[in-house]
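The values are calculated or read from the model by the stated rules, or taken from the named source; none is laboratory data. Everything numeric here is computed off the predicted structure, so don't read it as measured data. Here the Cβ is made from the backbone with ideal geometry for all residues, glycine too, and neighbour counts use every protein chain on show. The area values use the complete protein model at the heavy-atom level, side chains included, leaving out ligands, DNA and RNA. Shrake-Rupley method; radii C 1.70, N 1.55, O 1.52, S 1.80 Å.
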Amino acid sequence: MAYTQGVLARLTDCLLCRWSCRSCLLWCWECCFPRSDEEVEILGPFPAQTPSWLVNECVDEKDTDTGVTHVDAMAIPQDSIPTQRRSSSEMSRSTFSLVRQLSSLDARRPSSPLVDVKPIEFWAMGPRKEVIQPLRRPQPPANDYFRKLEPRLYSLDSSGDDVDSLTDEEILLRYQLGMLHFSTQYDLINGHLGVRVIEARDLPPPLTCDGARQDMAHSNPYVKISLLPDHKNSRQTGVKRKTQNPVFEERFTFDLLFLEAQRRTLLLSVVDFDKFSRHCVIGKVALPLSEVDLVKGGHWWKALIPSSQNEVELGELLLSLNYLPSAGRLNVDIIRAKQLLQTDMCQGSDPFVKVQLVTGLKLVKTKKTSCMKGTIDPFYNESFSFRVPHEDLSEVSLVFTVYGHNMKSSNDFVGRIVIGQFSTGPPETSHWRHLLASQRTPVEQWHSLRSRAECDRVSPASLEVT
């Protein structure tokens with residue numbers, strides 16, 4: 001009871017006191033509510049002056065645990081005076097809540113001052129900046145650079161794009177390869193394009209000397225007709241012997257639609273026949289059919305220009321291969337050939353195909369097809385079977401050689417390919433790999449014929465056959 005009266009007396013003195021300064025307020029607070037040892041242990045030592053960061057956070061935050069708002073002594077207005085009494089237990093709870101808030105704020109107090117971090121430019125950390133030069137490829141020496149230039153592309157005598165701007169008289173004067181007379185007309189009723197090769201004039205003599213020729217002053221020309229971009233389905237005239245002014249008078253037809261014919265280019269190549277080597281192209285004439293009236297037709301004398309293809313292709317051969325592991329049989333189907341090199345000057349060619357089986361470097365078996373008379377596009381459809389054990393299949397090579405039959409002398413060589421262990425090129429290698437990967441299934445593919453010298457150079461199996 002006496003303790004309570006003492007507290008009331010102190011509270012009355014506190015209320016009657018005028019808070020004129022901060023020291024007076026603190027003195028009044030300490031007189032009215034002296035601190036006990038327990039409270040000191042709970043509160044602990046406080047800083048002499050409340051930090052600014054604590055004042056800012058206390059003003060913006062509210063206590064979520066007790067709902068009591070904490071105000072700094074400097075923030076208490078002079079006119080605000082307590083109006084109700086608080087018991088000792090309530091004061092202890094309030095003091096404990098303040099301690100909790102101060103502890104939480106002290107835990108969130110930054111241990112070090114905030115630093116305004118700016119982007120670091122690593123290139124500027126060195127003592128000085130280094131200028132990075134762009135990567136440049138080393139230039140070859142002047143001599144090596146000019147060696148790569150092709151003089152024919154810059155020569156006035158090349159058959160470049162300027163040929164289109166020249167007249168036939170200027171082309172004839174420049175190249176002196178002669179002229180070709182031909183005509184074209186489209187038959188709307190039958191739906192085919194007709195090409196008539198009439199004659200050639202002033203063809204140049206042979207450039208190479210061949211001891212097998214009887215007359216070196218004259219050529220043996222013929223004309224090959226194609227509709228670009230299709231080189232496969234071409235036609236050719238007969239060979240005219242020992243003349244520079246041949247008269248052909250031959251007609252050819254191509255079955256195609258009228259709109260398709262207008263998109264094609266007629267290519268006429270004049271070729272010099274050579275029985276003992278590849279035929280040489282004398283010159284060519286190219287006529288875009290979209291520039292002419294195909295229905296009306298017409299005749300043209302055109303000057304020959306040089307051809308980028310100096311030699312005529314030897315032809316193509318269509319083959320089908322399959323292997324039966326259970327029976328140990330390698331089956332070969334020779335289906336057809338097309339655009340074979342003409343070997344007979346009078347009646348075209350009489351081609352046949354010889355197929356030879358080579359195991360390792362030993363000739364095992366030889367077979368051949370029948371002879372097709374007077375054609376360069378023969379159809380054979382003949383099958384052959386060779387006994388090959390499965391363990392020997394990887395060492396097998398098939399040599400295919402096309403000959404032109406000649407009754408007076410030995411057969412004329414046309415072309416050759418090798419398929420198997422010693423293939424003559426990527427197409428032949430691909431065909432053999434497909435055979436090994438899909439046994440029991442026929443694998444069909446076209447092959448371009450090669451010369452004997454080329455086959456002997458790249459395939460040892462070609463040297464083992466005749």
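Observations, loosely collected:
- Positive-end residue of T366, G315, F379, charge dipole of the stretch 313-466 with Cβ unit charges: T366
- Computed FRET value (nearest 0.05) for F258 with E391, which takes r as the C-beta separation and R₀ as 45 Å: 0.15
- Full-extension gain in nm, L324 to T375, via 0.36 nm per residue minus C-alpha separation: 15.0 nm
- On full extension, the segment bounded by S290 and T429 gains 45.9 nm, given 0.36 nm per residue less the C-alpha separation.
- What a 1.4 Å probe finds exposed on the stretch 327-464 is 51% carbon and sulfur by accessible area, rounded to a whole percent.
- Highest to lowest packing among 288-294, 332-338, 382-388, scored as the average C-beta count within 10 Å: 332-338, 382-388, 288-294
- Within the stretch 227-252, backbone nitrogen closer than 19 Å to the virtual label 7 Å beyond the Cα of E444 toward Cβ: 232-233
- Scaled against the 2.2 N^0.38 Å expected of a compact globular protein of N residues, the Cα radius of gyration of the stretch 325-422 reads 1.18.
- Counting only protein heavy atoms and a 1.4 Å probe, the stretch 357-466 has 52 square angstrom of accessible area per residue.
- K242 accessible area, 1.4 Å probe, all protein chains in place, Å² to nearest 10: 90 Å²
- Residue pairs, from the table K242/K284; K240/K368; K224/K365; K242/K338; K240/K365, whose Cα atoms sit over 29 Å apart: K240/K368; K224/K365; K240/K365
- Extended-chain gain in nm, criterion 0.36 nm per residue less alpha-carbon gap, D202 and V458: 88.1 nm
- Alpha-carbon Rg with Dmax, taken over the stretch 373-415, Å: 15.2, 44
- In percent, rounded to a whole number, the relative contact order of the stretch 359-466 is 25, using alpha-carbon pairs under 8 Å and six or more apart.
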